[in-house]
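Q: The structure is given below, and queries will be raised subsequently.
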Amino acid sequence: RGAKISVASAKPQVSLDVVVKFLNLGTAFDKVVGPSLAVKSDDKESLVRAATLTEDSVMIGDAIYDIRAAKAAGVGSVAALYGFGNRVDLLGEQPDFTAESVADLKKILLRDNAFLTQNTKKNNLKRS
(Lines give C-alpha, C1' and ligand atoms only; values in the text may rest on other atoms or scores of the structure.)
Protein backbone atom coordinates (compact mmCIF):
# COMPACT_ATOMS: atom_id res chain seq x y z
CA ARG A 1 0.00 0.00 0.00
CA GLY A 2 2.99 2.27 -0.09
CA ALA A 3 3.14 2.79 3.68
CA LYS A 4 6.31 4.24 5.09
CA ILE A 5 7.64 2.60 8.23
CA SER A 6 10.09 4.05 10.70
CA VAL A 7 11.34 3.06 14.12
CA ALA A 8 11.79 5.42 17.07
CA SER A 9 13.62 3.65 19.87
CA ALA A 10 15.31 4.66 23.10
CA LYS A 11 18.04 2.14 22.23
CA PRO A 12 21.25 3.84 21.03
CA GLN A 13 21.42 4.42 17.28
CA VAL A 14 24.62 2.40 17.00
CA SER A 15 22.88 -0.60 18.59
CA LEU A 16 19.84 -0.21 16.34
CA ASP A 17 22.08 -0.15 13.27
CA VAL A 18 23.75 -3.40 14.33
CA VAL A 19 20.42 -5.14 14.98
CA VAL A 20 18.88 -3.95 11.71
CA LYS A 21 21.92 -5.16 9.78
CA PHE A 22 22.17 -8.47 11.67
CA LEU A 23 18.47 -9.24 11.07
CA ASN A 24 18.72 -8.06 7.47
CA LEU A 25 15.94 -5.50 7.99
CA GLY A 26 17.56 -2.64 6.13
CA THR A 27 14.89 -2.58 3.44
CA ALA A 28 12.00 -3.07 5.90
CA PHE A 29 12.21 0.45 7.33
CA ASP A 30 12.41 3.85 5.72
CA LYS A 31 14.06 5.29 8.81
CA VAL A 32 15.45 4.01 12.12
CA VAL A 33 16.01 6.60 14.85
CA GLY A 34 17.68 6.26 18.23
CA PRO A 35 19.71 8.55 20.46
CA SER A 36 23.41 9.11 20.00
CA LEU A 37 25.74 7.52 22.54
CA ALA A 38 27.15 11.00 23.13
CA VAL A 39 23.76 12.38 24.21
CA LYS A 40 22.23 11.09 27.42
CA SER A 41 18.53 11.80 27.03
CA ASP A 42 15.20 10.14 27.63
CA ASP A 43 13.44 12.59 25.32
CA LYS A 44 11.32 10.16 23.33
CA GLU A 45 9.34 13.05 21.83
CA SER A 46 12.36 14.21 19.82
CA LEU A 47 12.94 10.64 18.61
CA VAL A 48 9.31 10.36 17.48
CA ARG A 49 9.56 13.73 15.71
CA ALA A 50 12.76 12.62 13.98
CA ALA A 51 11.16 9.34 12.90
CA THR A 52 7.94 10.96 11.63
CA LEU A 53 7.76 10.55 7.86
CA THR A 54 4.31 11.84 6.88
CA GLU A 55 1.61 14.08 8.26
CA ASP A 56 -0.59 11.07 9.02
CA SER A 57 2.08 9.14 10.92
CA VAL A 58 1.15 7.17 14.02
CA MET A 59 3.24 5.96 16.92
CA ILE A 60 2.58 2.36 17.90
CA GLY A 61 3.82 1.50 21.34
CA ASP A 62 3.36 -0.76 24.32
CA ALA A 63 4.57 1.69 26.97
CA ILE A 64 3.06 4.83 28.42
CA TYR A 65 6.13 6.75 27.26
CA ASP A 66 5.31 5.86 23.65
CA ILE A 67 1.79 7.28 23.92
CA ARG A 68 3.02 10.40 25.74
CA ALA A 69 5.72 10.97 23.12
CA ALA A 70 3.22 10.61 20.30
CA LYS A 71 0.92 13.20 21.86
CA ALA A 72 3.80 15.59 22.53
CA ALA A 73 5.02 15.20 18.94
CA GLY A 74 1.53 15.74 17.56
CA VAL A 75 1.14 12.34 15.92
CA GLY A 76 -1.56 9.72 16.37
CA SER A 77 -1.07 6.99 18.92
CA VAL A 78 -1.91 3.30 19.02
CA ALA A 79 -1.52 1.40 22.27
CA ALA A 80 -0.33 -2.13 21.55
CA LEU A 81 -2.12 -3.89 24.41
CA TYR A 82 -0.54 -7.20 23.39
CA GLY A 83 2.91 -5.90 24.30
CA PHE A 84 4.84 -5.69 27.56
CA GLY A 85 3.20 -2.53 28.93
CA ASN A 86 0.56 -2.43 31.63
CA ARG A 87 -2.89 -2.37 30.03
CA VAL A 88 -4.51 -0.11 32.65
CA ASP A 89 -1.64 2.37 32.48
CA LEU A 90 -1.73 2.42 28.67
CA LEU A 91 -5.49 3.02 28.57
CA GLY A 92 -5.02 5.75 31.17
CA GLU A 93 -2.91 7.67 28.65
CA GLN A 94 -5.96 7.81 26.33
CA PRO A 95 -4.32 6.67 23.10
CA ASP A 96 -6.12 7.44 19.85
CA PHE A 97 -6.59 3.72 19.22
CA THR A 98 -5.94 0.43 20.95
CA ALA A 99 -4.85 -2.85 19.42
CA GLU A 100 -5.45 -6.12 21.26
CA SER A 101 -3.47 -8.01 18.61
CA VAL A 102 -1.38 -7.57 15.48
CA ALA A 103 -4.57 -8.29 13.53
CA ASP A 104 -6.20 -5.27 15.22
CA LEU A 105 -3.14 -3.18 14.42
CA LYS A 106 -3.44 -4.13 10.76
CA LYS A 107 -7.09 -3.02 10.75
CA ILE A 108 -6.15 0.31 12.30
CA LEU A 109 -3.31 0.94 9.86
CA LEU A 110 -5.38 -0.08 6.83
CA ARG A 111 -8.19 2.15 8.06
CA ASP A 112 -10.86 -0.52 8.41
CA ASN A 113 -13.71 1.90 9.13
CA ALA A 114 -15.99 -0.64 10.80
CA PHE A 115 -13.20 -1.69 13.17
CA LEU A 116 -12.14 1.91 13.83
CA THR A 117 -15.67 2.96 14.73
CA GLN A 118 -16.08 -0.02 17.07
CA ASN A 119 -12.63 0.53 18.60
CA THR A 120 -13.29 4.23 19.17
CA LYS A 121 -16.67 3.68 20.84
CA LYS A 122 -15.42 0.76 22.95
CA ASN A 123 -12.62 2.84 24.39
CA ASN A 124 -14.42 6.18 24.46
CA LEU A 125 -11.72 7.54 22.22
CA LYS A 126 -11.80 10.50 19.94
CA ARG A 127 -11.00 9.84 16.29
CA SER A 128 -9.02 12.52 14.58
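The values are calculated or read from the model by the stated rules, or taken from the named source; none is laboratory data. Quick caveat, the model's predicted, so the values are computed rather than measured. Glycine also receives a Cβ, built like all others from the backbone with ideal geometry; neighbour counts cover every protein chain displayed. For the accessible areas, the whole protein counts, side chains as well, though only heavy atoms, and no ligand, DNA or RNA atoms are used. Shrake-Rupley method; radii C 1.70, N 1.55, O 1.52, S 1.80 Å.
Q: Restricting attention to segment 92-128, and to residues there that are small (Gly, Ala, Ser) and out of contact with any helix residue (DSSP H, G or I) (no Cβ under 9 Å at 6 or more places or on another chain), which single residue is modelled with the lowest pLDDT?
A: Out of the qualifying residues, it is Ser128.
Q: Among the listed residues Glu45, Glu55, Glu100, Glu93, identify the single one that is open to solvent by less than 50 Å² (accessible area, probe 1.4 Å) and either free of Cβ contacts under 8 Å to residues at least 24 places away in the same chain or not aromatic (Phe, Trp, Tyr) (or both).
A: Glu93
Q: Now a separate question. When you go through Ser15, Ser46 one by one, which is the residue that is in a helix (DSSP H, G or I) and farther than 19 Å from Pro95 by Cα?
A: From the options Ser15, Ser46, the qualifying one is Ser15.
Q: Of the conditions (1) among the hydrophobic types (A, V, I, L, M, F, W, C); (2) touching a strand residue (DSSP E or B) at 6+ places or on another chain (Cβ under 7 Å); (3) at pLDDT 95 or above, Ile64 satisfies every one except a single condition; which number is it?
A: (2)
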